[in-house]
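Scroll down for the structure; my scribbles are underneath it.
The values are calculated or read from the model by the stated rules, or taken from the named source; none is laboratory data. From a predicted model like this one, the values you see are computed outputs, not experimental measurements. In this analysis, Cβ positions are derived from the backbone assuming ideal geometry, glycine residues included, and neighbour counts consider all displayed protein chains.
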Amino acid sequence: MKEKVKILDQEGISRAIMRISHEIIERNKGASGLCIIGIRNRGVYIAERIADCIKKIEGADVLTGALDITLYRDDLALASGQPLVRKTEIDFDINDKNLVLVDDVLYTGRTIRAALDALIDFGSPRSIQLAVLVDRGHRELPIRADFVGKNIPTSNKESVEVRLREFDISDEVLIVEKE
Amino acid sequence: MIWTKKDLLGLEYLTKEEIELILDTAESFKEVSTREIKKVPALRGKTAVNLFYEPSTRTRVSFEVAAKRLSADVINIATETSSVRKGETLIDTGKNIQALKADIIIMRHNCSGAANMLARALDISVVNAGDGWHEHPTQALLDIFTLKEKLGKIKGLNVAIVGDIAHSRVARSNIWGLTKLGAEVILCAPEMLLPVGIELTGACISTNIDEVLEKVDAVNVLRMQFERDEGAAFPEQLDYFKKYGITEQRLSKAKKDIVVMHPGPINRGIEMSSAVADGVNSVILEQVTNGIAVRMAVLFLVSQAKDAGR
């Protein structure tokens with residue numbers, strides 16, 4: 001893969017996450033009954049950062065969880081590379097809560113479809129909202145995000161790479177050309 | 001690490017990395033059984049057949065629960081009431097199950113090597129649920145999983161396997177798995193229950209249970225398989241309990257947090273006392289719970305490997 005353009009740097013990412021956090025509080029009229037659930041891998045770190053921001057703004061602790069959607073993928077039988085099954089950690093009751101599902105990149109929408117199925121197996125939340133750091137278009141399912149860090153129009157030949165310091169070395173969002 | 005094998009036949013045939021992949025995957029699957037809705041759609045539309053030529057409740061039910069929690073359909077074939085009684089060969093039975101478009105056969109058989117033979121003859125996955133005196137890989141995997149969960153690691157541990165080594169596929173699978181992951185295995189039994197050449201596996205041998213218990217981190221106590229073959233050499237039950245039975249008195253000289261395991265079903269008062277079986281060091285029921293996660297991981301991985309090769 002060839003590096004092409006840097007879309008967001010560390011400051012850009014933290015401003016986007018801060019704005020998303022404000023928007024989540026505005027939409028939900030505060031932080032009560034709110035739970036933030038990140039999709040593995042990088043969505044989990046963004047979810048934790050959003051929870052930290054909400055705590056700074058509202059002074060309230062927000063429950064966070066991690067969701068692995070491997071077992072719910074519709075392309076499990078067709079996947080070329082073998083997916084690794086990782087842990088789902090939702091240690092609280094999601095019934096009647098307002099959930100914010102968090103992922104790094106929104107693309108075809110298939111991951112989110114799988115995540116919705118997975119969440120419903122945990123209970124019946126009052127609402128599920130979707131926050132993503134990057135929306136790159138090319139949806140294949142009727143799914144849209146409620147909170148978007150940055151809209152990045154891309155071609156199918158490109159891919160968007162989100163790097164986060166908790167998982168990678170640095171904080172940045174890149175567009176790379178597929179070879 | 002990618003899983004490429006369509007079958008799970010024994011731990012002898014797996015690398016350290018493959019064993020670790022199963023254990024890591026099982027850790028992720030353990031959470032599923034703690035949910036209110038204990039089911040994920042990973043094997044939706046797949047069919048698993050339990051083909052048991054030997055009586056088994058716990059292994060068969062554990063596999064059935066594991067397959068169902070992955071949304072697979074499960075069919076149980078009890079060989080006493082099937083065409084096996086009319087003289088059908090194992091391979092023919094297997095090919096018929098394959099022709100029914102099943103995806104996985106989970107087999108328990110009284111002949112060592114039966115699972116290997118069936119796996120060679122079929123394109124669908126074969127999971128060995130115990131073959132003769134050869135291997136019982138998922139039992140060893142769940143023993144190792146439980147041990148790792150309790151003590152945080154396998155490498156460097158001293159693990160004793162006590163009792164009926166001669167007739168035990170559980171012992172053989174445990175020896176392979178534990179030594180590959182870097183544990184020291186000590187086999188402890190009266191000489192008549194130690195098969196000739198077992199030391200070639202790399203395990204140490206002892207006939208003195210009290211000495212062994214003093215130095216090990218865990219003890220896996222095997223069931224005396226009196227049903228195995230009549231007329232074979234078995235120690236007298238009370239005499240065995242006196243010399244090898246795990247009792248509170250014996251454990252009082254062991255490490256305080258020694259892990260006591262048993263693959264079940266327990267012969268209370270022969271292999272161990274009731275007080276030990278129900279005591280604080282016993283993880284026997286946790287083994288049963290972990291068995292589901294380990295078998296879910298195995299069923300998931302073998303069916304993924306088959307899809308990848310399609």
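Tabulated data
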quantity	calculated
Residue match in region A:116-136 (condition: closer than 17 Å to A:ARG73 by Cβ and in contact with a helix residue (DSSP H, G or I) (Cβ under 8 Å, 6 or more places away or on another chain))	yes
Filtered residues of region B:251-265 (kept if more than 20 Å from B:PHE145 (Cα to Cα) and either at pLDDT below 95 or part of a loop (DSSP other than H, G, I, E, B) (or both))	B:SER252, B:LYS253, B:ALA254, B:LYS255, B:LYS256
Count - residues of region B:173-201 that are closer than 16 Å to B:THR15 by Cα and in contact with a Ser or Thr (Cβ under 8 Å, 6 or more places away or on another chain)	5
Residue within region B:6-14 that is away from chain A (no Cβ under 14 Å), assigned to a helix (DSSP H, G or I) and surrounded by 22 or more Cβ atoms within 10 Å (Cβ to Cβ) present	yes
Options B:ILE270, B:ILE292; residue that is crowded, with 16+ Cβ neighbours inside 10 Å, aliphatic (A, V, I, L, M), assigned to a loop (DSSP other than H, G, I, E, B) and out of contact with any strand residue (DSSP E or B) (no Cβ under 8 Å at 6 or more places or on another chain)	B:ILE270
Some residue of region A:145-159 being within 30 Å of B:LYS39 (Cα to Cα), under 17 Å from the mean Cα position of the chain (by Cα) and at pLDDT 95 or above	yes
Every residue from region A:1-59 that is under 29 Å from A:ARG86 (Cα atoms), part of a helix (DSSP H, G or I) and among the polar types (S, T, N, Q)	A:GLN10, A:SER14, A:SER21
Lone qualifier among A:ALA66, A:ALA47 - being surrounded by 20 or more Cβ atoms within 10 Å (Cβ to Cβ), in contact with a helix residue (DSSP H, G or I) (Cβ under 8 Å, 6 or more places away or on another chain) and of a type in the set (A, V, I, L, M, F, W, C)	A:ALA66
Residue within region B:222-239 that is in a helix (DSSP H, G or I) and in contact with a strand residue (DSSP E or B) (Cβ under 8 Å, 6 or more places away or on another chain) present	no
Hey, B:ILE161 closer than 14 Å to B:THR201 by Cα, touching a helix residue (DSSP H, G or I) at 6+ places or on another chain (Cβ under 8 Å), of a type outside the set (D, E, K, R) and assigned by TED's automatic domain parsing to the domain that holds B:CYS204 or not	yes
Matching option when the condition is free of Cβ contacts under 8 Å to residues at least 12 places away in the same chain and in the same structural domain as B:ASN116 (by TED's automatic domain parsing), among B:ILE75, B:ILE37	B:ILE37
Number of the exception - A:ALA51 against (1) under 20 Å from A:VAL148 (Cβ atoms); (2) in contact with a Cys (Cβ under 7 Å, 6 or more places away or on another chain)	(2)
